[in-house]
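Peer 1: Take this structure first; my questions come after.
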Amino acid sequence: MSNPTDSRVLEALLKEQSAWASVCTEPAMVALAAAKAAHTLGEPPVSIDVYLSAGVLKNALSAGLPHTAKKGPEIAAALGALSAQPELGLTILGNVTETQLDEALELAASSKVTVHWAREHEGVYGKCVLKGANHVAEAVIEHSHTNITRVALDGRLAEACATEARRSDLQVLREWDFPRLLAAALDLSVSRLGWLLEGARSCVRLSEKASGLMSEDVIDFAWVCSSDSCETPIVEVANRVSRAISARMSGVPWPVVTSGGSGNQGIMVSVPVMSVAKHLGLDEELTIRALTIAHSVNLFVKAYMGEVSCSCGGVGAAAGIAAATCWMRNGTVEQMEEAVSQVLASLFGMICDGAKATCALKGTTSVLTGMLTGSGACRCRGSIRDQGVLGKTLDETLTRIAALNEGVINKADELMLNLMRPETTTPTQ
């Protein structure tokens, strides 16, 4: 039995970090901020300025948008401003009309939308400033993709925001250990977590239908699944995840549940867990508990690696898959912890070079590693410790990873952005 406060904290984090999103969450977040500013402005914008942290900018550059081959935060901001429907949240880009798209493409091409790299901000951060003929409005989102912390009109607060600016709530998980996290996850009421199952089912449906939706430029592993030499359920699940991510990164507006603020991670976590649960004949309650474990472990890892950083989010998703798979196969807490540790030792160092079509192949790697490690850990009787990034405990391993992430890997973001779009990397004023 966990501390009731722990369960409340974890439930709040799950609700914040596992929202519905139609396309990649970073361009959707840009559109949401622009929509909020446009709704506040109350008149057509004549210019739009977008300020984004490195991680958000990097992910918004190459992710696909609905009904167009064009990409970029300029178009996302224009679409959000023309929609002016912030109540749609991260599903906003899944509801654009053909007329709005044409107008947004014209607005973005007219140089009236300018994107800036907000170097002074880390993690999840975005600000949209819309100027009209008579007024100026701005909206700020930070710490999570839907957390609006400031709405202003002509420099004065236009409304009280639900959440004040703060450090990421995920950081509280760094004060927990794995058994405490697991106890809090298992103590949550299943009746309050049905939305995780609903979201997982939507992810599964996308993975089943994605063969006709995915990008033709991404390697399709369907032939592997039909090959006599590789016909295994795990490979088939990984292939479906790959297809779903490819479709989503191509701009297919399909609603999925996010994990740690990422729709791709939501797919990575949901599809394997649902597959294993079905294979083992688990009922709905146990399936929801397994999904809760997977999402919670992903958040636990992200508390150390960052919500948007230069480390691939598939690392945390794979850790969540491994923990949930081990739990569903009646693994012990120690075996689950070992599964997470070995996933981290295997995948840490896989970088994030932006949200794009080839995230599908990284998703395949994460799913295969998570499912295989989680299943194998159930037969494990020992542990590997104090080697490489592995410390004497999982806590020590995560602390080492955080130090490497902050001291080395995240420094690659500046170089990455200079390579991807150097004109955006001039300092903001």
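Peer 1: Which of (1) modelled with pLDDT under 95; (2) among the aliphatic types (A, V, I, L, M); (3) not in a helix (DSSP H, G or I) does residue 224 not meet, given it meets every other one?
Peer 2: It fails just one condition, (3).
Peer 1: Okay, moving on. For the range 318-374: of the residues being hydroxyl-bearing (Ser, Thr, Tyr) and assigned to a helix (DSSP H, G or I), which is nearest to residue 307 (Cα to Cα)?
Peer 2: In this case the residue turns out to be 366.
Peer 1: Could you tell me which of the residues 372, 299, 390 is more than 26 Å from residue 415 (Cα to Cα) and surrounded by 24 or more Cβ atoms within 10 Å (Cβ to Cβ)?
Peer 2: Selected residue: 299, the only one of 372, 299, 390 that is more than 26 Å from residue 415 (Cα to Cα) and surrounded by 24 or more Cβ atoms within 10 Å (Cβ to Cβ).
Peer 1: Moving on. Evaluate the following for residue 101: is it out of contact with any His (no Cβ under 9 Å at 6 or more places or on another chain), surrounded by fewer than 24 Cβ atoms within 10 Å (Cβ to Cβ) and hydrophobic (A, V, I, L, M, F, W, C)?
Peer 2: Criteria not met by residue 101.
Peer 1: Go through the range 185-209 and give me each residue that's under 19 Å from residue 317 (Cβ atoms), aliphatic (A, V, I, L, M) and in a helix (DSSP H, G or I).
Peer 2: Of everything in the range 185-209, those that are under 19 Å from residue 317 (Cβ atoms), aliphatic (A, V, I, L, M) and in a helix (DSSP H, G or I) turn out to be 185, 196, 197, 200, 204, 206.
Peer 1: Step by step: first the residues of the range 192-209, then only those that are farther than 12 Å from residue 292 by Cα and more than 20 Å from the chain's Cα centre (by Cα), then the one that is modelled with the lowest pLDDT. Which residue is that?
Peer 2: Once the filter is applied, the top-ranked residue is 209.
Peer 1: Cβ-Cβ below 9 Å, separation at least six or inter-chain, first residue in the range 313-338 and on the phi > 0 side of the Ramachandran plot and touching a residue at least 24 places away in the same chain (Cβ under 8 Å), second outside any helix (DSSP H, G or I) and surrounded by fewer than 24 Cβ atoms within 10 Å (Cβ to Cβ): which pairs?
Peer 2: 330/378
Peer 1: Report whether or not residue 94 is under 30 Å from residue 397 (Cα atoms) and outside the structural domain of residue 9 (by TED's automatic domain parsing).
Peer 2: On the way: under 30 Å from residue 397 (Cα atoms): no; outside the structural domain of residue 9 (by TED's automatic domain parsing): yes.
Here the answer is no, as residue 94 does not meet what is asked.
Peer 1: Still on this structure, please answer the following. Any idea how many residues of the range 156-177 are modelled with pLDDT of 95 or more and in a loop (DSSP other than H, G, I, E, B)?
Peer 2: Within the range 156-177, residues that are modelled with pLDDT of 95 or more and in a loop (DSSP other than H, G, I, E, B) number 2.
Peer 1: Let me ask another. Could you tell me how many of the residues in the range 72-92 are buried (at least 23 other Cβ atoms within 10 Å of the Cβ) and among the small types (Gly, Ala, Ser)?
Peer 2: Going through the range 72-92 one residue at a time, the tally reaches 5.
Peer 1: In addition: Hey, among the residues in the range 132-144 that are modelled with pLDDT of 95 or more and touching a helix residue (DSSP H, G or I) at 6+ places or on another chain (Cβ under 8 Å), which one's surrounded by the most Cβ atoms within 10 Å (Cβ to Cβ)?
Peer 2: Taking the candidates together, the pick is 139.
The values are calculated or read from the model by the stated rules, or taken from the named source; none is laboratory data. Treat the numbers as computed from the prediction; the structure is a model and nothing was measured. Using ideal geometry, Cβ is built from the backbone for each residue, glycine included, and neighbour counts are taken over all protein chains shown.
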